Amino acid sequence: MKVAILNYTGAVSSSVIGPYDILTKIKMIRQIFGILNNKVNFDVDIVDSFKMTKHSSGLIAGNKTIRDKGKYDLVIIPAMNFEYVEKVLKDEKKIIEWIQRQYKAGSEVASVCMGTFLLAATGILDGKRATTHWMGVPLFRKLYPLVKLEDDKVIIDEGRIYSCGAAFSFTSLMIYLVEKFCGRELALAASKVLMIQIHDSGQNSFAIFDLQRSHSDKDIRRIQDFIEQHYCDELYVNRLAEKFNISNRTLIRRFSEATGNTPLEYIQRVRVEAAKRLLEKGKERIEQVCIKTGYEDFNFFRKIFRRHTGLSPQEYRRRYAYMFNESVLS
């Protein structure tokens, strides 16, 4: 399977070399474990843009350029530093066109972190789901309103198009792609050898929730404080509006403008964050967690929890109570 890892100005070096190292080790891992049921191997090129690429952490030279002829089965777009996003979109038109041509010729395309901006610039994401790093969400929504951004996900699979969240989530994405193209057995073997956890939950397991406080609306901040202090109580938007002497409509509008969530969505997120902390401790029964986070209907709690994390409460507990309370490698 021919793979191209793009190399462009502003790309994160580890996001170029990391996928290369993982994918080129798959053949060796297959041989060590004697996995012969699927013989797909990865023939990987690092493909430069026209100019030699300079990075903050040094210089990476690819073995191909986008001028070279050839079709790839999979194109990987590495992460870029956030401060480079607009410059990259302006300067790397040739890469954008090259990705379009590869996709039209049948290639699958995967983006890492802020690399999703380059993927979206091709237009092939319009009407489709994608994810990116939570720091880039406001700019992404502004630039690409036709893309269905799901920033709470770590990995999104849209058939021939893949995207993942933060820069170092490329490790999970590579294991995901190994499983997709080579099978579960080899993916598990690779995760053990490379010590990469197979990961299919959302960024909300890791997101900095305080980001939604970086606004200047003091009234909304007071309402956020109240929600975070009383999430286990019955909370209704109309009661919040009444308590803080604001109309329902104005509350919803100002809250959404300030935080990016409606009041109801924010309540749900706060409750889910609280539930995650309780589940990580591993001491409460899940029904107790449900009640302690303001939900009376367990099925509804489970639905909301899965919506925001990508995992059921039971799955989350199995994964993260284990991770936080015992050695991951035991």
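Values in this text are rule-based calculations from the coordinates and carry no lab data. From a predicted model like this one, the values you see are computed outputs, not experimental measurements. Glycine gets a Cβ as well: all are built from the backbone with ideal geometry, and neighbour counts include every protein chain shown.
Summary table below
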quantity: Coil-residue trypsin sites (Lys or Arg not before Pro) of segment 64-128, DSSP, other Cβ within 10 Å capped at 10; calculated: K69
quantity: Computed helical MRE - 222 nm, the chain, DSSP H runs ≥ 4 contributing -39500 (n - 2.57), nearest 500; calculated: -13500 deg cm²/dmol
quantity: Angle between the chain longest axis and helix 170-182 axis [Cα atoms, degrees, rounded to 10]; calculated: 60 degrees
quantity: Aspartates and glutamates with Cα under 16 Å of K218, excluding same-chain neighbours fewer than 8 positions away; calculated: D210, E228, E257
quantity: Among D45, D152, D217, residue whose mean-square fluctuation peaks in a GNM of the chain (springs only between Cα atoms under 10 Å); calculated: D217
quantity: Loop-resident sites, segment 238-306, for trypsin sites (Lys or Arg not before Pro), counting at most 13 other Cβ within 10 Å (DSSP); calculated: K283, R285
quantity: Anisotropy class of segment 213-325 from Cα gyration tensor, a/c 1.5 cut; calculated: prolate
quantity: Shape category assigned to segment 1-44 from the gyration tensor of Cα positions, a/c cut at 1.5; calculated: prolate
quantity: Isotropic mean projected area of the C-alpha convex hull, segment 74-190 (nm²); calculated: 6.8 nm²
quantity: Residue among I95, S247, A130 farthest towards the positive dipole end of the chain, charges placed on Cβ; calculated: I95
quantity: Charge dipole magnitude, Cβ of K and R +1, D and E -1 - the chain, Cα centre, debye nearest 20; calculated: 440 debye
quantity: Principal-axis tilt of helix 13-24 within the chain, Cα atoms, nearest 10 degrees; calculated: 60 degrees
quantity: Prolate/oblate/rounded call for segment 220-262, Cα gyration tensor, a/c under 1.5 rounded; calculated: oblate
quantity: Anchor K2: aspartates and glutamates whose Cα lies under 12 Å away (excluding residues fewer than 8 positions away in-chain); calculated: D43, D45, D73, E108
quantity: Signed unit charges on C-beta, dipole axis of the chain, positive-most listed residue S107, F33, I77; calculated: S107
quantity: Förster radius 56 Å - calculated FRET efficiency between D73 and F244, Cβ distance, rounded to 0.05; calculated: 0.50
quantity: Subset of K64/K94; K69/K128; K69/K180 violating a 20 Å alpha-carbon distance limit; calculated: K69/K128; K69/K180
quantity: Spacing of the two label points (7 Å from each Cα toward its C-beta) at N41 and Y236, in nm; calculated: 6.6 nm
quantity: Potential extension, K64-I17 segment - 0.36 nm per residue separation minus Cα distance; calculated: 15.5 nm
quantity: Coil-residue GluC sites (Glu not before Pro) of segment 221-274, DSSP, other Cβ within 10 Å capped at 13; calculated: E234
quantity: Charge context of D151, other residues only, Cβ under 14 angstrom, K/R +1, D/E -1; calculated: +4
quantity: Violating pairs (Cα-Cα greater than 27 angstrom) within the set K39/K192; K25/K90; K27/K93; K25/K276; calculated: K25/K90; K27/K93; K25/K276
quantity: Once exposed loop chymotrypsin sites (Phe, Trp or Tyr not before Pro) are cut out (DSSP; at most 16 other Cβ, 10 Å), longest piece of the chain; calculated: 51-205
quantity: Residue order, fewest to most surrounding Cβ atoms within 10 angstrom, among K218, K25; calculated: K218, K25
quantity: Counting DSSP beta bridges with both ends in the chain, the antiparallel % (nearest 5); calculated: 20 percent
quantity: Neighbour-count ranking [beta-carbon atoms within 10 angstrom, fewest first] of H308, H230; calculated: H230, H308
